[in-house]
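Input: a single structure, listed below in structure tokens.
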DNA sequence: CCAGTCAGTCCGGAATCTGGACTCACTGTA
DNA sequence: TACAGTGAGTCCAGATTCCGGACTGACTGG
């Protein structure tokens with residue numbers, strides 16, 4: 001057994017991406033955050049193939065991120081609601097959004113702006129909970145037995 | 001033309017996911033953050049198929065997130081480094097990590113811990129840059145012409 | 001009666017993913 | 001000199017997934 005057979009790193013990022021690491025999954029969650037909880041509405045707003053979206057929603061429900069709830073008996077109609085775990089994905093969505101706003105906005109700025117209840121447009125910033133300082137790559141070091149390379153640039 | 005033909009929402013989240021909305025892409029970026037800049041090392045640490053990783057790295061370089069740099073002439077050897085845009089993905093990675101730490105950690109807690117230079121383990125928190133308050137789904141409302149549903153739960 | 005909504009399923013072809021083998025061009029060890 | 005190992009990929013064929021569009025079934029509203 002040489003170094004070539006080293007096992008992949010076990011890490012929360014990888015585990016999380018196994019569930020939501022796919023375009024349509026996260027876009028479905030975005031839609032629910034925006035208040036669109038119905039299947040057809042999500043299809044229209046995301047542009048996902050109906051088949052694929054149905055599969056993703058099943059995964060998300062199975063993972064405890066969304067809850068499928070019947071809101072009408074005849075005919076049977078369902079809506080998808082965020083669980084606590086789903087609501088905790090909000091930071092992921094907003095940080096993705098901020099990155100896109102910065103690097104992919106065309107002329108005329110970001111295509112969608114959220115307003116925070118403080119009155120300002122939402123600009124999501126990530127801080128270290130302990131000290132309140134903005135998190136930067138160079139300011140963190142891994143604390144694991146698994147060998148790492150040099151700390152990030 | 002009925003409502004059924006409504007165009008998908010144009011949004012920074014969707015645009016960003018077109019680039020990094022795939023498991024291996026983000027795991028490759030994670031590796032570079034951890035200091036592993038070489039192709040073979042990334043293959044080992046992520047577990048990605050070499051082919052797929054090579055394709056993702058090309059995409060990431062094309063998108064300006066990574067930079068492919070030759071560090072040895074004979075034989076030709078390359079490493080991948082983060083650009084400014086790549087470094088700005090750190091918040092995305094850390095928020096994904098926090099979610100996984102909370103919902104997917106098995107017994108014995110998170111598989112990897114980062115230490116912030118303040119001395120504490122990193123716990124990434126997202127705040128509104130304007131007011132400093134933690135961002136929550138219920139505290140934001142979309143400001144767009146595109147029709148939305150009811151605000152998120 | 002007709003159109004529309006809603007929540008999907010079904011289909012077949014296209015695209016992508018996967019693991020493994022293979023290629024060069026070295027370097028380091030025996 | 002031979003052999004093993006590293007590094008950065010490419011190539012392949014089979015499996016899987018994705019995609020768009022058509023379809024279903026149970027309604028509602030005009």
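Nothing in this text is a laboratory measurement; each read-out follows from the coordinates by a stated rule. The structure presented is a predicted model; accordingly, all values stated were derived computationally and were not measured. We place every Cβ from the backbone using ideal geometry, glycine too, and count neighbours over all the protein chains shown.
In whole angstrom, how far apart do the alpha carbon centroids of the stretch B:1-60 and the stretch A:61-114 sit?
With the stretch B:1-60 and the stretch A:61-114 each reduced to a Cα centre, they are spaced 19 Å.
When the Kirkwood radius is taken over all Cα pairs of chain A, what Stokes-Einstein diffusion coefficient follows at 25 °C and 0.890 mPa s, in µm²/s? Mind showing how you got there, number by number?
On the way: Rh = 18.4 Å.
Reported coefficient: 133 µm²/s.
What percent do you get for the relative contact order of chain A when only Cα pairs under 8 Å and 6+ apart count? Working shown, then result.
Values: 114 pairs, mean separation 21.5, N = 153.
For chain A, the relative contact order is 14 percent.
Pick out which of B:115, B:56, B:69 has the largest mean-square fluctuation in a Gaussian network model of chain B, springs linking Cα atoms closer than 10 Å.
Evaluated over chain B, the most mobile residue of the options is B:115.
Given only helices, namely DSSP H runs of n ≥ 4 each adding -39500 (n - 2.57), what is the per-residue ellipticity at 222 nm of the protein assembly as shown, to the nearest 500 deg cm²/dmol? Please list the in-between numbers first.
Details: 12 runs with 118 residues, N = 306.
Computed ellipticity for the protein assembly as shown at 222 nm equals -11500 deg cm²/dmol.
Provide Rg and Dmax in Å for the stretch B:7-62, with only Cα atoms included in the calculation.
Looking at the stretch B:7-62, its Cα Rg and Dmax stand at 12.6, 42 Å.
What is the P(r) of the stretch B:68-140, as percent of Cα-Cα pairs per 5 Å bin from 0?
3, 11, 14, 17, 17, 13, 10, 7, 5, 2, 1, 0
Would you mind listing the distances between the residue B:49 label point and the same position in each other copy? Use 7 Å along Cα-to-C-beta, nm, one decimal, shortest first.
Label-point distances to the other copies, shortest first: 1.7 nm.
Kindly give Rg over Rh for the stretch A:44-87, based on alpha-carbon atoms, with the Kirkwood expression for the hydrodynamic radius.
Values: Rg = 11.3 Å, Rh = 11.3 Å.
Taking Rh as the inverse mean 1/r over Cα pairs, Rg/Rh reads 1.01.
With angles folded into 0 to 90 degrees, how steeply does helix B:23-33 sit against the dominant principal axis of chain B? Use alpha carbons for both and round to 10.
In chain B, helix B:23-33 runs at an angle near 60 degrees to the longest axis.
Calculated FRET efficiency, residue B:117 and residue B:38, Cβ-Cβ r, R0 35 Å, to nearest 0.05?
0.85
Calculate, axis by axis, the spread of Cα positions in the protein assembly as shown along the three principal axes, and write the results as whole Å, longest axis first.
Answer, in whole Å and largest first: 67, 47, 40 Å.
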